[in-house]
Every structure is written in structure tokens, then in C-alpha cells.
Amino acid sequence: MIAIGSDHAGFELKEAIRRHFEDEEIEYVDCGCYSPESVDYPMQAKKVCDEITEGRASLGILCCGTGVGISIAANKVKGIRAACCSDYFSAKYTRMHNDANVLCLGGRVLGAGLAIELVDVFLNTPFEGGRHQRRVDQITALEK
Ligand code: RB5
């Protein structure tokens, strides 16, 4: 299960990703927002992060205007490793090396075509483990 969410500035991009999931029959939960009406991104980040930390979703996708604010908010939630990406290499390697569990995208930065490529590579790339596990464990230790 993939959790998706956005604020108003990421709404159109989140909708494009949601339609992609419908087309590809990828199971998702849409945590909103559900219209372009203004909504604060930290609350939207929390809804998607809760789906992951409470075990209902394995990965999440969050969209705001830049992807930055919503990633800062998501990274305050224990157990979340959120990566704001605008390029293919970062979206792939943040799964391989950081075991990122949330991808953050900017609706005012990216076109839907590139964003969906980033989503697909993020969802389909496994964590490499090994030496990277030690580093992820060190990140987790910073939460205490
Ligand atoms: C909303 O105007 C905008 O500030 C927000 O979507 C995001 O870009 C913040 O980082």
C-alpha cells in the first residue's frame, strides 16, 4: 500500500500520481487534500507519515509547492526518512542507500511526466542494506 498526500500547491501533481496509480492498479490510500483549497502542509505530511509508522502503508508520496516544506515536516516524524527529489538518480539512490520511505515532490517544480518517472523508480527500487543499514541505524539513533 502506498500513501499519497499533498497541500493545495501539490494537489494537481498528487492527482496526476493518483490517476497513474489507478491506471497501473497500484494500491494506494489518498490522505488528501481533495481540492485546491488552501491547506497547511505539515498536517498533510503527518497524515501520510502516520499511514507508514502505523503499518498501513510501506511507502509514501507527498507533494507541496517545492517538495521542501512537506519533507521538512515529514522528517520530524519518528521512523520517517523523507527525500525531496527532482532528479531520477536521487529518487533511485535514496531508496538504495537511505531506505527513504517517503518521496517528496514539488508541484511548482516538476511536470507530471518527470514526477511519475521519479515515483516509479522510487517505488520499484529496493534498499541495498549492508553498509547502508549501519548508516540508516545511525539516523534512527538521532531520533532519541
Ligand atoms: C504553499 O504556498 C507553499 O509554501 C508550500 O506548498 C510549499 O512549497 C512549502 O514548502
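The residues of the range 7-144 present an accessible area of 52 Å² per residue when probed at 1.4 Å with all protein chains retained. Diagonalising the gyration tensor over the Cα atoms of the range 39-95 and scaling each eigenvalue by 5 before taking the square root yields semi-axes of 18, 15, 9 Å, largest first. For the pair E143 and F127, the difference between a 0.36 nm per residue extended length and the Cα-Cα distance amounts to 3.7 nm. Only DSSP H runs of four or more residues enter the estimate; each adds -39500 (n - 2.57), and after division by the residues of the chain the mean residue ellipticity at 222 nm equals -14000 deg cm²/dmol. With all protein chains in place and ligands, DNA and RNA left out, the 1.4 Å accessible area ranks K46, K92, K144 as K144, K46, K92, largest first.
By the Cα gyration tensor, the range 26-144 has an equivalent ellipsoid whose semi-axes, rounded to whole angstrom, run 22, 17, 13 from largest to smallest.
Mean projection of the Cα convex hull over all viewing directions, computed for the range 87-142: 4.1 nm². Taking 0.36 nm per residue of separation and subtracting the Cα-Cα distance, full extension of the segment from H97 to V29 would add 21.9 nm. Debye-formula intensities of the range 1-89, expressed as log10 I(q)/I(0) at q = 0.23, 0.24 Å⁻¹, are -1.15, -1.24 (one equal scatterer per alpha-carbon, no solvent). Taking all protein chains together and a 1.4 Å probe, the residues V68, V29, V121 rank V68, V29, V121 from largest to smallest accessible area.
Scalar couplings 3J(HN,Hα) for the range 131-144, obtained by applying the Karplus form with A = 6.51, B = -1.76, C = 1.60 to θ = phi - 60°, are 4, 6, 4, 4, 6, 5, 4, 5, 4, 4, 5, 5, 6, 8 Hz; x denotes Gly and Pro. Annotation: amide H of V29 within the under-5 Å range of I2, A3, I4, sequence separation 5 or more or interchain, hydrogens built in the peptide plane. Surface listing: V39, V109, V136 arranged by accessible area from highest to lowest gives V109, V39, V136, probe 1.4 Å. Phi angles of the range 105-110 translate, via the Karplus equation with coefficients 6.51, -1.76, 1.60 and θ = phi - 60°, into HN-Hα couplings of 10, x, x, 9, 10, 10 Hz per residue; Gly and Pro are given as x.
The values are calculated or read from the model by the stated rules, or taken from the named source; none is laboratory data. Because the structure is predicted, anything quoted here is derived from the model rather than measured. These area figures cover heavy atoms from the full protein model, side chains too; ligands, DNA and RNA do not enter into them. Shrake-Rupley method; radii C 1.70, N 1.55, O 1.52, S 1.80 Å.
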